[in-house]
Amino acid sequence: MSTALMALVYGLFSLDHFAVGPFLLSRPLVMGGVAGLLCGHPAEGLALGFFAECLWIMIPPAGGGHWDVGFVAALAGVWSLPGSGPVEKKALALAFLLAIPFAVLGRQADQWVRRNMRVLSLRALAGIEHGLVGPLRYGMGFAAVVWVLKSLVLFFLADSLGGALFEELLPRVTGPWQEGLEQAWALWPFLGAGALLHHFSKRIGNGAWWRSEIGL
Amino acid sequence: MAIVLVRIDDRLIHGQVVGGWLPVIQAERVVVVSDRAAGDALQTGLMRMAVPDGVTVDVLTLAQAVPSLKTGAWGAQRVLLLLPGLQELAALVDAGVAFAQVNLGGLHDAPGRSMVAAHLAFSGDERALLVRLVKGGVRFETRPLPGDVPVPLNELIPGLK
Amino acid sequence: MTLPRRDLVRIFFRSFLIQGLWTVQRVQNLGYLYSLWPVFRRLYPKREDRAYVGRFHAGYFSTHPYASGILIGVVAGLETDLAEGRGPKRDAILTARSAMSGPLSALGESFFWGTWLPFCAVFCWVLNGSAIRSTGWTIVLFVGLFNLPHLWVRSVGLWLGYRWKTEVVPHLVLFRVQKMLPYLAVGGMALAVWQAASIASGEMTVVQGLLWTVFFWGTLRLGVRPSFVALAVAGLSMAFAWGKTLL
């Protein structure tokens, strides 16, 4: 049930970086948090979301070629969080690692859909050149519907394939593998903080601004 | 003066240049060589506003740029040279400025141009200019962003070199 | 200034769809045309005139989606002036548009994606750990805080761009956005360090946590992609744990 809800949320929110002027609803922070809320473990979902957000902080939610980083948080949340009882750290780490290749595949699907929208855009342009906005409106509506359907199909495919893989692998993660994954989950937030430091330090640049403030 | 990057981009200063290239090349000065932009106070003011603090923007006409480029006018500063098109590059080369490598960052869709890549479109005249410049020894690399994989020009335009 | 407020409101809402039908060749031109269509319909009741104006504006267009408010406002203002006879030549509208779209995209990129988004993320991360323990409210805060400047730039930009046309640029300069960015960046870095310290106070000492943070920053400075570092951490941790069993 929560998987279906998450798929719907993902499908609708994925319009955010595609068609509607981005509101950051498609970002991993929001996706991870919503996955956590829907699956009963909000804090862990949000932690997943924060980590993914920091990791991919330099990928803007607009433009044609960038990949849909919110997908990772949504998938990882849905696999590792459902049910009552405490969440295992190894489950979160494993889910995150498994979700990444699906997001990369998702990018190919995104680009394929965008390429095949050419027909719609050509008709829209032809309409405009005759003074009609109808084909453009229709094109945008149709594109949005196709995009949501694409997101739903992608989510269900990734969830069934990846979820099955997750179910297979999780019991086998014992001993040193488990210890390693739990250590990774403990270290990853520091990677997130380091990524933020790296990103912000690039904004500060070569220090000329503070030198001019001080008067050097 | 060290010209760290020579970039051809018909949008001049925009997101990819400021957000993608400037942090990587750490340029302290951006020199735009464009007769049209030099005469447009609106564009010049906006370009100055769009770059980070600590980076200066000079917008020069071709006539002003040639002596500065030939004599190395900006001390030891790292300079990003921005040109709006191949015509400006050819004019500078004809005036005697030497370029080793030029980044073809973006020539976008316009009447008369046909696309060869997502960020590159050439008209017939521009193709001829490219052939002339390549024969003259200028090397081109085509990357919109520093993290992209450079595609050799002869892959995009068959029959070049 | 003769467009009724209703039209401006319509343009404002349509500007959210500027990426609604995106193409590789001309990027946002269709969304831009859709946003401006109420203006064209008001100024040119005849379909042939609309076709001419539409064809004119159908070229390559790309800018930051939030700054599109300013640009659409300026174009709407200039088109209104032109239609009423006191305006610039048609070519001047396109020149102004292409002069503005590049730098506005750079500004939007540096401010919104480059600085404000990570700042809101780290701010909400810190608050989530300390003051707001609720996930729902953290998400609401993140989305709400980020979108405040977005909505402001879009709406006020549209309005002022329409009223002042290209004169809006000197007023934009007054904002000194670029001066603000390094302060936001330093603030963000401080918050990131604070967050690293507060996470660390669980299983490892604060110093250890900060050392790990600086270490990861170092690997990223060397140019390794963040996702690769994450994978490497997982792989090396498992290898290390496996190695310990051999001892």
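Just the residues that are assigned to a helix (DSSP H, G or I) and either touching a Phe, Trp or Tyr at 6+ places or on another chain (Cβ under 6 Å) or at positive phi (or both), please, taken from region C:156-188.
Across region C:156-188, the qualifying residues are C:LEU158, C:LYS165, C:VAL177, C:PRO182, C:LEU184, C:ALA185, C:GLY188.
Within region B:12-51, track down each residue that is crowded, with 24+ Cβ neighbours inside 10 Å, assigned to a loop (DSSP other than H, G, I, E, B) and within 12 Å of the chain's Cα centre (by Cα).
Hits for region B:12-51 are B:LEU12, B:ILE13.
Conditions (1) in contact (Cβ under 8 Å) with a residue 12 or more places away in the chain; (2) not assigned by TED's automatic domain parsing to the domain that holds C:LEU160, marked per residue:
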{"position": "C:LEU172", "(1), (2)": "yes, no"}
{"position": "C:VAL177", "(1), (2)": "yes, no"}
{"position": "C:LEU181", "(1), (2)": "yes, no"}
{"position": "C:VAL193", "(1), (2)": "yes, no"}
{"position": "C:PHE216", "(1), (2)": "yes, yes"}
{"position": "C:LEU220", "(1), (2)": "no, yes"}
{"position": "C:GLY223", "(1), (2)": "no, yes"}
{"position": "C:VAL229", "(1), (2)": "yes, yes"}
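Can you name the helices (runs of 4 or more DSSP H) wholly within region A:26-109 that have at least 2 residues being closer than 30 Å to B:ALA117 by Cα and over 13 Å from the mean Cα position of the chain (by Cα)?
Correct list: empty, since no element meets the threshold.
Kindly indicate the residue of region A:39-48 that is buried (at least 23 other Cβ atoms within 10 Å of the Cβ) and either aliphatic (A, V, I, L, M) or within 27 Å of B:GLN16 (Cα to Cα) (or both) and also farthest from the other protein chains (Cβ to nearest Cβ) among those meeting that condition.
A:LEU48
Mind listing whichever residues of region C:166-185 are more than 7 Å from every other protein chain (Cβ to nearest Cβ) and among the hydroxyl-bearing types (Ser, Thr, Tyr)?
Selection gives C:TYR183 alone.
Within region C:66-76, is even one residue in contact (Cβ under 8 Å) with a residue 40 or more places away in the chain and surrounded by fewer than 18 Cβ atoms within 10 Å (Cβ to Cβ)?
no
If a residue must be among the aliphatic types (A, V, I, L, M) and exposed (fewer than 14 other Cβ atoms within 10 Å of the Cβ), how many such residues does region B:132-144 contain?
Total meeting the criteria: 0.
Given the conditions (1) surrounded by 14 or more Cβ atoms within 10 Å (Cβ to Cβ); (2) closer than 25 Å to C:LEU127 by Cα; (3) not aromatic (Phe, Trp, Tyr), report the number of the one that C:GLU203 does not fulfil.
Against the list (1) surrounded by 14 or more Cβ atoms within 10 Å (Cβ to Cβ); (2) closer than 25 Å to C:LEU127 by Cα; (3) not aromatic (Phe, Trp, Tyr), C:GLU203 comes up short only on (1).
Yes or no, residue by residue, for (1) within 14 Å of another protein chain (Cβ to nearest Cβ); (2) surrounded by fewer than 15 Cβ atoms within 10 Å (Cβ to Cβ):
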position: A:GLY134; (1), (2): yes, yes
position: A:GLY139; (1), (2): yes, no
position: A:VAL148; (1), (2): yes, no
position: A:LEU152; (1), (2): no, no
position: A:LEU157; (1), (2): no, yes
position: A:GLY163; (1), (2): no, no
position: A:GLU167; (1), (2): no, yes
position: A:LEU170; (1), (2): no, no
position: A:PRO176; (1), (2): yes, no
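With the requirement that a residue be small (Gly, Ala, Ser) and surrounded by fewer than 23 Cβ atoms within 10 Å (Cβ to Cβ), what does region B:52-72 give you?
Within region B:52-72, B:GLY54, B:ALA63, B:SER68, B:GLY72 meet the criteria.
I'm trying to understand the selection: among the residues of region C:32-55, which are closer than 16 Å to C:SER101 by Cβ and more than 8 Å from chain A (Cβ to nearest Cβ)?
Within region C:32-55, C:TYR32, C:SER35, C:LEU36 qualify.
Can you tell me which of C:THR135, C:THR95 is of a type in the set (S, T, N, Q) and in contact with a Pro (Cβ under 6 Å, 6 or more places away or on another chain)?
From the options C:THR135, C:THR95, the qualifying one is C:THR135.
Which residue out of B:THR56, B:THR61 is farther than 25 Å from C:ARG26 by Cα, of a type in the set (Ser, Thr, Tyr) and within 14 Å of chain A (Cβ to nearest Cβ)?
None of the other options fit; the residue is B:THR56.
Out of all the residues in region A:49-107, which are within 12 Å of another protein chain (Cβ to nearest Cβ) and acidic (Asp, Glu)?
Selection gives A:GLU53 alone.
Answer with yes or no whether A:GLY32 is more than 10 Å from chain C (Cβ to nearest Cβ) and either more than 27 Å from C:HIS57 (Cα to Cα) or at pLDDT 95 or above (or both).
no
Just need a number here: residues in region B:124-161 that are among the small types (Gly, Ala, Ser) and within 17 Å of the chain's Cα centre (by Cα).
Residues flagged as among the small types (Gly, Ala, Ser) and within 17 Å of the chain's Cα centre (by Cα) within region B:124-161 amount to 1.
Kindly indicate whether any position in region C:110-127 is in a helix (DSSP H, G or I), away from chain A (no Cβ under 12 Å) and aromatic (Phe, Trp, Tyr).
No; the residues of region C:110-127 include none that is in a helix (DSSP H, G or I), away from chain A (no Cβ under 12 Å) and aromatic (Phe, Trp, Tyr).
Out of contact with any Phe, Trp or Tyr (no Cβ under 9 Å at 6 or more places or on another chain), within 11 Å of chain C (Cβ to nearest Cβ) and either among the polar types (S, T, N, Q) or part of a helix (DSSP H, G or I) (or both): is that true of A:ALA126 in this structure?
Answer is yes for this residue.
The values are calculated or read from the model by the stated rules, or taken from the named source; none is laboratory data. The model shown is predicted, which means the values in this text are computed figures rather than measured ones. Here the Cβ is made from the backbone with ideal geometry for all residues, glycine too, and neighbour counts use every protein chain on show.
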